[in-house]
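FYI, it's all coordinate maths here, none of it is from the lab. Worth saying up front: this structure is predicted, and the values here are computed from it rather than measured. In this analysis, Cβ positions are derived from the backbone assuming ideal geometry, glycine residues included, and neighbour counts consider all displayed protein chains.
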C-alpha cells in the first residue's frame, strides 16, 4: 500500500473511531457527568433494561446521551447504555420535547 492510500485509510479509521470513542480529556465519564448502565443478563435482558431507562431515567434527572435518532446531531452512534445527569427539570423538558443535549442547549441558550 502506498503512502497516499495509507493516509486515506488512517483518516477513515480516525473518523470511524471518533463515532465511538471520545477524544482524550473530553469524555463525559472522565468529567463525572455520565454513567454507563448495562444489564446483568443473568437477571434481565439488556433490551428490557434499556427500555425501562428510556421510559424512566428522566424522572431521576438522567437522559440518554446518544439516542439512535439523533446521531446526525450528536455525531456519536447510538449508545443505549450511556446516560448523562442533567437534573430532573431539564431531563423532563428533554423527554417531553424529544431533544438531545445539543438541541436542548441550542434551544434554551
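See the values below:
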quantity	calculated
Residues located in region 53-84, provided they are surrounded by 12 or more Cβ atoms within 10 Å (Cβ to Cβ), out of contact with any helix residue (DSSP H, G or I) (no Cβ under 8 Å at 6 or more places or on another chain) and within 20 Å of residue 30 (Cβ to Cβ)	76, 79, 82
Condition met for residue 55 (over 14 Å from the mean Cα position of the chain (by Cα), more than 25 Å from residue 18 (Cβ to Cβ) and not in a strand (DSSP E or B))	yes
Filter result (touching a helix residue (DSSP H, G or I) at 6+ places or on another chain (Cβ under 9 Å) and not in a helix (DSSP H, G or I)) within region 85-109	85, 86, 97, 98, 99, 100, 108
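Per-residue answers, yes or no, for (1) out of contact with any strand residue (DSSP E or B) (no Cβ under 8 Å at 6 or more places or on another chain); (2) part of a loop (DSSP other than H, G, I, E, B); (3) farther than 22 Å from residue 94 by Cβ:
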residue: 11; (1), (2), (3): yes, no, yes
residue: 15; (1), (2), (3): yes, no, yes
residue: 43; (1), (2), (3): yes, yes, yes
residue: 51; (1), (2), (3): yes, no, no
residue: 63; (1), (2), (3): no, no, no
residue: 69; (1), (2), (3): yes, no, no
residue: 72; (1), (2), (3): yes, no, no
